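Following: one structure in structure tokens, then a few remarks.
The values are calculated or read from the model by the stated rules, or taken from the named source; none is laboratory data. What you see is a predicted model; the values in this text were computed from it and never measured. FYI the Cβ positions are ideal-geometry reconstructions off the backbone, even for glycines, and counts take in every protein chain you see.
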Amino acid sequence: MISKNDYDARGWDVLPVYSSWLPDGLENEMKAHPEAAGESAVGTRNLLFSLILSMRPKSILEIGAHIGSGSVVMGAALRANGFGNLYCLEPADHYFKILNSFVDKAGVAEHVQPLKLFSTDRALLEHITEPLDMIFLDANHTYSHALADIKLSDQLLAANGILILDDVGPVMSAEMCKENNGGVRQALIDYASGRDDLQVIFLEPPFWLNPCGIALVTKQAIVSRLAREEKKVPFWRQFAKSGVFGKA
Ligand SMILES: C[S@@+](CC[C@H](N)C(=O)[O-])C[C@H]1O[C@@H](n2cnc3c(N)ncnc32)[C@H](O)[C@@H]1O
């Protein structure tokens, strides 16, 4: 396992997997932008990009898009799939303008829809009319806001959907909480405790190469799912042309 003795040889820089899917120079331009502070880490974007390529989701929500460092990467993955839509919530005027310009520059506007809304705004439900496959929650880090956003995500997420939460690192999460109440990490632990239909994985620093940490949650009652599949042929078998799922 990784220990302090390995730190120098291992290094701390994560290589981006998505660079060749973005226009030349855009990554550096976004990184150097005067409003870049607060952007997601490369490892987080790698994870989002790979999940989208691997799972070909139809609908994604990003809560807290900032200037779009994660949005353009997710948009590039959707464009590569030629399928799917990302809604990006960003309520701050100045960030929203920059977000829109970077979405355009990245050439992903066909798949990415920035919405100038808080997660608490009821108008969100005019846009999201069916359960979501993925949600990337990266907004307000105080406990009560995070708890409200996790509850909203639970309501909006489809069965077997994935929620990815940033800023759940064991030390950082508490430090980022203005209510001094443990932040996003504690909100997730409290919300998911006793819920056997929510499977939570924390990717923890230093194995996860960023102190902000990351968490994955799937909405999946594993025991009852096995029982359900025994009863009938799953509908998706009829759609899988490659035969990888077996015959219907
Ligand atoms: C850490 S930044 C997001 C970084 C971005 N996801 C990325 O990949 O680079 C957090 C953003 O969340 C926004 N925000 C704060 N509260 C929000 C809320 N309730 N709903 C939506 N966005 C929110 C802030 O304006 C800020 O731009």
Residue in region 42-87 that is nearest to Asp149 (Cα to Cα), counting only those that are more than 15 Å from the ligand (Cβ to nearest atom) and not in a helix (DSSP H, G or I): Ser59
Of the criteria (1) in contact with a helix residue (DSSP H, G or I) (Cβ under 6 Å, 6 or more places away or on another chain); (2) within 23 Å of Val42 (Cα to Cα); (3) surrounded by fewer than 24 Cβ atoms within 10 Å (Cβ to Cβ), which one Leu137 fails: (3)
Options Leu53, Leu61: the member that is under 24 Å from Leu124 (Cα atoms), modelled with pLDDT of 95 or more and not charged (D, E, K, R): Leu61
Of residues in region 1-14 being among the small types (Gly, Ala, Ser) and assigned to a loop (DSSP other than H, G, I, E, B), the one nearest to Cys88 (Cα to Cα): Gly11
Residues located in region 25-47, provided they are polar (S, T, N, Q) and over 12 Å from the mean Cα position of the chain (by Cα): Asn28
Residues (within 13 Å of the ligand (Cβ to nearest atom) and in a loop (DSSP other than H, G, I, E, B)) located in region 88-121: Glu90, Pro91, Ala92, Lys116, Leu117, Phe118, Ser119, Thr120, Asp121
Ala65, sole failed condition from (1) of a type in the set (A, V, I, L, M, F, W, C); (2) surrounded by 15 or more Cβ atoms within 10 Å (Cβ to Cβ); (3) without any contact (Cβ under 8 Å) to a residue 12 or more places away in the chain: (3)
Any hit, region 15-36, residues being near the ligand (Cβ under 9 Å from one of its atoms), surrounded by 19 or more Cβ atoms within 10 Å (Cβ to Cβ) and either in a loop (DSSP other than H, G, I, E, B) or of a type in the set (S, T, N, Q) (or both): no
Some residue of region 209-226 being under 18 Å from Ile52 (Cβ atoms), modelled with pLDDT of 95 or more and surrounded by fewer than 19 Cβ atoms within 10 Å (Cβ to Cβ): yes
Qualifying residue in region 146-154 (condition: within 13 Å of the ligand (Cβ to nearest atom), at pLDDT 95 or above and not in a helix (DSSP H, G or I)): no
Options Leu132, Leu124; residue that is within 12 Å of the ligand (Cβ to nearest atom) and either among the β-branched types (Val, Ile, Thr) or under 18 Å from the mean Cα position of the chain (by Cα) (or both): Leu124
Boolean, Asn160 is near the ligand (Cβ under 9 Å from one of its atoms) and within 15 Å of the chain's Cα centre (by Cα): no
